[in-house]
Amino acid sequence: MKIDLSLGEKSYSVFIDELQEIKLKGKVAIITNPKVGGLWLDFLLQRLKCEQKFIITIPDGEEYKNTASMEQILEQLFSSKLDRKSTLIALGGGVISDITGFCASIYERGIDFINIPTTLLAQVDASVGGKTGVNNRFGKNLIGSFYQPRAVYCESRFLSTLPAREFAAGVAEAVKMAVCFDVELFKFFETHDLKSADEISHIIARCVAIKAEVVARDERESGIRAALNYGHTFAHAIEQSTNYTRFLHGEAVAIGMVIANALARRLGKLSSEQEEKIRAVLQKFALPVKFKIKDIDAFYELFFLDKKSENGKIKFILPDGIGKFRIVDDIDKAAVIATLREFA
Ligand code: NAD
Ligand code: GLY
């Protein structure tokens, strides 16, 4: 299956379970990590036809999504004499696609790159839409660019080696899209257990289609794209207050959605029954839904560090029933604090 993302001359296709051969002109550098490379590099090499191939391996982990790894990649690109007709290929999860995309956007003022995402999270979200970047000591993804790949290949077969916890983290981001945009997709999560390849491919295809439509309408997140951050304001505060060690990002997003739902319920936008349905789907896929906030005021202050906060106003993405959302920046602090108290 192929889903097109329509962005004028930056348009590209996302191929789902269709990676038979990739033919490229010029030199190609594949960026991966030892774990993914060990599992899936041969698969890619057998299907890649090009003038010359280079493999660049960076250490595995979010802590290596930084400027040092970026420098290492750029250094190897220059040493291998890649030019403006060369292509980078990201083979890995969101860490690899974010850093590869960023390197592609700055190497000799921009060269092509292709995403081959190997986690569910990267297939349903990170590999599509052109947000690229690295972290620094001030926060996550603070250095980066909007730079679209030339193509994306999502192969559900890669998920056969993915640990269950990482798979669930990807489900959280997919449920996020269902709650904001697609009640039918939400029902699919309620009625299927994602044990078969067909079910998983269906989820990937639906999420990619949603994301492609959102990005086509709002590439630079001046409006509707912000909905993809549902649950994230709370998730970032949870990740920060637990030093990024207790939860995977998708797990924190699951709890973040539960807190956002409680706020939506308090504001009359979500019924208790709908709130419970979303919680049940998250629990069904073994995602955490509970978190104890130790210091409510300190937790609230963390919202202002969020990239979505503007002029001292916190932007919340709240479900409006299931399948729709609202972006609001005028919620009374008292309502937010009362919601947080439910989790104290
Ligand atoms: P990740 O890239 O760290 O991958 C998670 C783990 O799974 C890693 O240890 C990785 O080596 C391993 N792995 C990957 N594929 C595997 C496979 N097929 N089999 C076995 N192990 C495998 O994490 P992630 O969850 O994919 O991505 C998180 C990153 O994505 C974060 O840095 C986040 O900021 C970014 N992100 C970006 C966007 C975007 O729009 N650009 C959206 C969401 C998240
Ligand atoms: N993952 C959020 C976005 O791409 O906008």
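Nothing in this text is a laboratory measurement; each read-out follows from the coordinates by a stated rule. Source: prediction; values computed, not measured. Cβ coordinates were reconstructed from backbone atoms using ideal geometry, including for glycine residues, and neighbour counts include every protein chain displayed.
How big is the dipole moment of region 1-92 about its Cα centre under a simple scheme where the beta carbon of each Lys and Arg is +1, that of each Asp and Glu is -1, and everything else is neutral? Debye, nearest 20, please.
420 debye
Charges only on Cβ, +1 for Lys and Arg, -1 for Asp and Glu: so what's the dipole of the chain about the Cα centre, in debye to the nearest 20?
240 debye
Where nothing but the Cβ of Lys and Arg (+1) and of Asp and Glu (-1) is charged, how large is the charge dipole of region 83-144 around its Cα centre, in debye to the nearest 20?
Roughly 160 debye for region 83-144.
Taking H placed 1.01 Å from N in the peptide plane, check which residues at least 5 places from residue 89 or on another chain put their amide H under 5 Å from its amide H.
Close amide H contacts, sequence-distant or interchain: 29, 30, 31, 114.
Residue farthest toward the positive end of the dipole of the chain, with Cβ of Lys/Arg at +1 and Asp/Glu at -1: which of 124, 200, 88?
About the Cα centre, the residue reaching furthest to the positive side is 88.
Taking amide H positions as placed 1.01 Å from N in the peptide plane, with prolines and chain starts having none, which residues 5 or more places from residue 182, or on another chain, fall under 5 Å of its amide H?
Under 5 Å from the amide H of residue 182 lie the amide H atoms of 323, each far enough along the sequence or on another chain.
If packing is taken as the mean number of other Cβ atoms within 10 Å per residue, what is the order of 98-107, 193-202, highest first?
With the highest mean Cβ count within 10 Å placed first, the list reads 98-107, 193-202.
So what is the calculated 222 nm ellipticity per residue for the chain, using -39500 (n - 2.57) for each DSSP H run with n of 4 or more, over all residues, to the nearest 500 deg cm²/dmol?
-13500 deg cm²/dmol
Which net charge results when you count Lys and Arg as +1 and Asp and Glu as -1 among the other residues whose beta-carbon is under 13 Å from that of residue 30?
Residues near residue 30 contribute +2 overall.
Excluding residue 287 itself, what net charge comes from residues whose Cβ is under 10 Å from its Cβ, given Lys and Arg +1 and Asp and Glu -1?
So the environment of residue 287 carries a net charge of +2.
Exposure proxy check: 1, 177, 257 ranked by fewest other beta carbons within 10 Å?
With the fewest neighbours first, 1, 177, 257 line up as 1, 177, 257.
With just the Cα atoms defining each centre, how far is region 269-344 from region 74-107? Give it in Å.
Using only Cα atoms, the two centres lie 36 Å from each other.
Can you list the HN-Hα couplings for region 2-15, worked out from phi with the Karplus curve (6.51, -1.76, 1.60; θ = phi - 60°), rounded to whole Hz and with x for Gly and Pro?
Going residue by residue, I get 10, 10, 9, 9, 9, 9, x, 6, 9, 4, 7, 10, 10, 9 Hz, with x marking Gly and Pro.
Sum up the charges of everything whose Cβ sits under 12 Å from the Cβ of residue 41, counting Lys and Arg as +1 and Asp and Glu as -1, but leave residue 41 out.
Computed value for this residue: +2.
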